[in-house]
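Visitor: The structure under discussion is supplied below as structure tokens; questions concerning it will follow.
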Amino acid sequence: DQQVKQNSPSLSVQEGRISILNCDYTNSMFDYFLWYKKYPAEGPTFLISISSIKDKNEDGRFTVFLNKSAKHLSLHIVPSQPGDSAVYFCAAVNDYKLSFGAGTTVTVRA
Amino acid sequence: NAGVTQTPKFQVLKTGQSMTLQCAQDMNHEYMSWYRQDPGMGLRLIHYSVGAGITDQGEVPNGYNVSRSTTEDFPLRLLSAAPSQTSVYFCASRQGQVVREQFFGPGTRLTVL
């Protein structure tokens, strides 16, 4: 049973606009959350993270929001650029082990 | 630094064949792990190691063996391949418990016929 879910398999957004990726989780023991970005034929690379004691973390164009009561996190990319076209994985940590969502493929249109 | 390397990049096996997926890292990381990625499933942990000589099972260990004789290498063995093991396999390493600093290899795409 998947404990981390990304219910949107794909997202298409125009260059310059905001991309919003969503992730839901079921395990209340998760204490740390990460987003990874993956290009074809490459391994995932770390993008941004957030501790369960915070509700927002920002790094340049990327912001992650955490709503613990709703067991929901989201990744905002503003503004979206063509190089952001990739698969984005949400991951959650419990006891130093990661559980991953199925990923959302983002396509940024020119 | 080469980071995390995996060989081969692609492999086709017949049911029942055995093979070893190689993983090596040159960052002196203690923690190494193997994941498989399947469509609609995300990455799932197969086996992991917290140091040379120490391995443990992850979420989906059946059909796979691992060993860790050196800090650098963490091979994954399929003893008798099955079509259900068709997947993309990623090796990862990190220094201790800092999960945000986990580095992934480029992956091995395995097809079992």
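The values are calculated or read from the model by the stated rules, or taken from the named source; none is laboratory data. Everything quoted here is computed from the prediction, not taken from an experiment. In this analysis, Cβ positions are derived from the backbone assuming ideal geometry, glycine residues included, and neighbour counts consider all displayed protein chains. Heavy atoms of the whole protein, side chains included, go into the accessibility calculation; ligands, DNA and RNA do not. Shrake-Rupley method; radii C 1.70, N 1.55, O 1.52, S 1.80 Å.
Visitor: Can you name the condition, by its number, that B:Thr15 falls short on among (1) in contact (Cβ under 8 Å) with a residue 60 or more places away in the chain; (2) β-branched (Val, Ile, Thr); (3) under 20 Å from A:Pro44 (Cβ atoms)?
Guide: If we test B:Thr15 against (1) in contact (Cβ under 8 Å) with a residue 60 or more places away in the chain; (2) β-branched (Val, Ile, Thr); (3) under 20 Å from A:Pro44 (Cβ atoms), just (3) comes out false.
Visitor: Restricting the search to the stretch B:77-113, which residues are surrounded by 15 or more Cβ atoms within 10 Å (Cβ to Cβ), more than 9 Å from every other protein chain (Cβ to nearest Cβ) and at pLDDT below 95?
Guide: Correct list: B:Arg94 only.
Visitor: For B:Gln22, all conditions in the list (1) in a strand (DSSP E or B); (2) in contact (Cβ under 8 Å) with a residue 60 or more places away in the chain; (3) surrounded by fewer than 19 Cβ atoms within 10 Å (Cβ to Cβ) hold save one; what is the number of the exception?
Guide: Only one criterion is unmet by B:Gln22, namely (2).
Visitor: Next question. Can you tell me which condition A:Thr104 does not meet? The list is (1) at pLDDT 95 or above; (2) open to solvent by 30 Å² or more (accessible area, probe 1.4 Å), and all the others hold.
Guide: Going through the list (1) at pLDDT 95 or above; (2) open to solvent by 30 Å² or more (accessible area, probe 1.4 Å), A:Thr104 breaks only (2).
Visitor: For the list (1) open to solvent by 10 Å² or more (accessible area, probe 1.4 Å); (2) more than 11 Å from chain B (Cβ to nearest Cβ); (3) of a type in the set (Gly, Ala, Ser), I need the number of the one condition that A:Ser80 fails.
Guide: Failed condition: (1).
Visitor: In the list A:Phe89, A:Phe65, A:Phe33, which residue meets the criterion of being open to solvent by less than 10 Å² (accessible area, probe 1.4 Å), touching a Lys or Arg at 6+ places or on another chain (Cβ under 7 Å) and at pLDDT 95 or above?
Guide: A:Phe89
Visitor: If you don't mind, another one. Quick check: anything in the stretch A:1-21 open to solvent by 70 Å² or more (accessible area, probe 1.4 Å), more than 14 Å from chain B (Cβ to nearest Cβ) and among the aliphatic types (A, V, I, L, M)?
Guide: So far as the stretch A:1-21 goes, yes, one or more of its residues are open to solvent by 70 Å² or more (accessible area, probe 1.4 Å), more than 14 Å from chain B (Cβ to nearest Cβ) and among the aliphatic types (A, V, I, L, M).
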